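Structure record follows, encoded as structure tokens.
Read-outs: derived from the displayed coordinates by stated rules, not from any lab. What you see is a predicted model; the values in this text were computed from it and never measured. Backbone-built Cβ (ideal geometry, glycine too); neighbour counts: all protein chains shown.
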Amino acid sequence: MQVDSCVLVIFGASGDLTRRKLIPAMFEMFCAGLLPREACVLGTARRAKSDDEWREELEPWVREHAAHFDEASWHKFAQHIHYHACDATSDDSYPGLRDRIEEVGKRHGCSGNVLFFLSVAPNLYEPIVECIDRAGMVTEGKRWCSIDPSSRSWQRIIVEKPFGTDAATAATLNRVLGRAFEEEAIYRIDHYLGKEVVQGILAFRFANTIFEPIWNQRYIDNIQITAAETVGVEDRTAFYDGAGAIRDMIQSHLFQILTFVAMEPPTLYSAAHVRSEKIKVIDALRIPQDDRLEEYCALGQYGPEGDQPGYAELEGVAEGSTTETYAALALFMDNWRWAGTPFFLRSGKRLARKSTEVVISFRPPAANLFRKLPGIDGGNGLIPNRIVMEIAPRESIRVRFESKVPGLEFKLDSLEMDSDFHERFKVEEVEAYGPLIIDAMRGDQTLFKHRYEVEGAWAAVMPFLDERSAGLRAGIRGNYAPGSWGPASSDALVARHGAAWNNENAAQPH
């Protein structure tokens, strides 16, 4: 699929995401030859500065965060970077912005194509989209600039997470976007889908015949999806105290991983087919009854440690805040493949180690023919098989199975096959935003979220967020120690469903 040249308009040019992620990602794509030579970047923010001043500000960030940096490549790429000062929430700014987009687009030969990226605070999404719409900058394929009247151009928009703060605000944002853009021009981005192991889940499942026949409730006992961090909230309290672990991680990133793990085989690897199957997964999630929420959710807040304050004592946290820094959910799906199989999702701050992983725990063999051999449990004591897909800090897939220990006696022990992506493929990791932005330029929505998927995901977690969750939040303050694996209620949650968390240390890089 062709990658069209375009003007990438970044609202929020002075923000942390732009400096640490977006511009380094575009530089990596430029160096890899994936960014069209005619494409260019136009950053917008309130403070006045020249193109050269913005380029100088960005250079140290690109040096630090891009996979590789060399002066010659940066000098060439920097000529594609431009800046325009404006208030993106004011209609008065848009005639000037429109002229500036047309100017740099004509200079680089972008054929009138424009890709907007909302890298701003979520409360600015709607006013910016409404301003774009009122300015007549979206024409659904008809030209709004005069570069080449005979050609057709497109305007698309990338919307950063969080996409709404609850089911109602997500639906409202979708309606605002829908009034300005067609659905096929809206790209709801989640950078987790740009990660290699996450995309590799589809290849692992559907490019191999040995896994798909056993990828169901008959053979799989439970599935765990973890995103654990050792750091605390730190200076993000202004955002985090209004969000929490469910909004920040589970409803977005972990649900995306969940859909890839649980989806039915798409007819074809294409946006329409993949997104359709993801929506079906979200639709199948069972929403628990209000009086049984504790069977499906555990919440926590980390407490103090030594001279380090707990979450509740941080500056910017509201007095009596019940915002969760840890959340664990037990989710079930009402469909043929997964009926009765629990999906455990957890995410938290100040935990024992940094780890983002998927753990597939299989059921033990139906019968243990080794039960009478010395040293082997007389019950069904065989250790179940397990697949671990590690997304961070390593990128790897590990498969555990039982094997005979070499020697005269018949003894069993677990053997683990470990496939490290970097060691095997010798490819440098690139910023996940880069390939996703390139996909948006080519019009490929495979790794972006549909509006039905977003709204369905919010509906699934609302019982754990709104007033119904009050009982879950009672006594939440300081209910787990930093460096632990979360509150005791989390262990009780999975034990209630006959499982235990995988808290083993991840294999270390070689």
Item to check | 14 Å beta-carbon shell around Arg292, net charge (K/R +1, D/E -1) | outcome: -1
Checklist entry - Residues of region 1-27 with amide nitrogen under 14 Å from the 7 Å Cα-to-Cβ point of Asp444? => result 1-4
Checklist entry - For the residues Ser119, Ser50, Ser276, what sequence is obtained by ranking on other C-beta atoms within 10 Å, fewest first? => result Ser50, Ser276, Ser119
Checklist entry - Taking the Cα atoms only, what angle lies between the long axis of helix 94-108 and the longest principal axis of the chain, rounded to 10 degrees? => result 90 degrees
Checklist outcome for this item: For Lys404, the aspartates and glutamates lying under 16 Å Cα to Cα, once residues fewer than eight places off in the same chain are dropped, come out as Asp377, Asp413, Glu416
Next on the checklist: Starting from 0.36 nm per residue, how many nanometres of slack lie between Glu423 and Asp307 once their C-alpha separation is accounted for?
Outcome noted: 37.7 nm
Checklist entry - Roughly how many nanometres apart are two label points built 7 Å out from the Cα toward the Cβ at Glu183 and Glu212? => result 2.6 nm
Checklist outcome for this item: Diffing region 223-228: the Karplus 3J(HN,Hα) column from phi (6.51, -1.76, 1.60, θ = phi - 60°), in whole Hz with x for Gly and Pro, holds 10, 10, 10, 10, 10, 10
Next on the checklist: I need the fraction of alpha carbon pairs in region 193-496 separated by more than 27 Å, rounded to a whole percent.
Outcome noted: 48 percent
Checklist entry - So which lysines can Lys280 reach, going by Cα to Cα under 21 Å and dropping same-chain residues fewer than 8 places off? => result Lys449
Next on the checklist: Considering all alpha-carbon pairs of the chain, what whole percent are spaced by more than 45 angstrom?
Outcome noted: 18 percent
Checklist entry - So what is the diffusion coefficient of region 207-299 in µm² per second by Stokes-Einstein at 25 °C and 0.890 mPa s, using a Kirkwood Rh over Cα pairs? => result 152 µm²/s
Checklist entry - So what's the back-of-envelope 222 nm ellipticity for the chain, counting only DSSP H runs of four-plus at -39500 (n - 2.57) apiece and dividing by all residues, rounded to 500? => result -8500 deg cm²/dmol
Checklist entry - At a Förster distance of 35 Å, what's the computed FRET efficiency of Ser90 paired with Glu64, Cβ-Cβ distance as r, to 0.05? => result 0.55
Item to check | Nearest-0.05 FRET efficiency for Ala500 and Glu294, computed from C-beta distance (R0 22 Å) | outcome: 0.75
Checklist entry - What do you get when you divide the Cα radius of gyration of region 352-510 by 2.2 N^0.38 Å, with N the number of residues? => result 1.43
Checklist entry - Ordered by residue, what ³J(HN,Hα) values in Hz, to whole numbers, does region 240-245 give under the Karplus form 6.51 cos²θ - 1.76 cosθ + 1.60, where θ = phi - 60° and Gly and Pro are x? => result 5, 5, x, 10, x, 5
Checklist outcome for this item: Filtering trypsin sites (Lys or Arg not before Pro) in region 438-500 by DSSP loop and by at most 10 other Cβ atoms within 10 Å leaves none
Item to check | region 434-448 - phi-based ³J(HN,Hα) in whole Hz, Karplus 6.51/-1.76/1.60, Gly and Pro as x | outcome: x, x, 5, 5, 4, 4, 5, 5, 8, x, 9, 9, 3, 9, 10
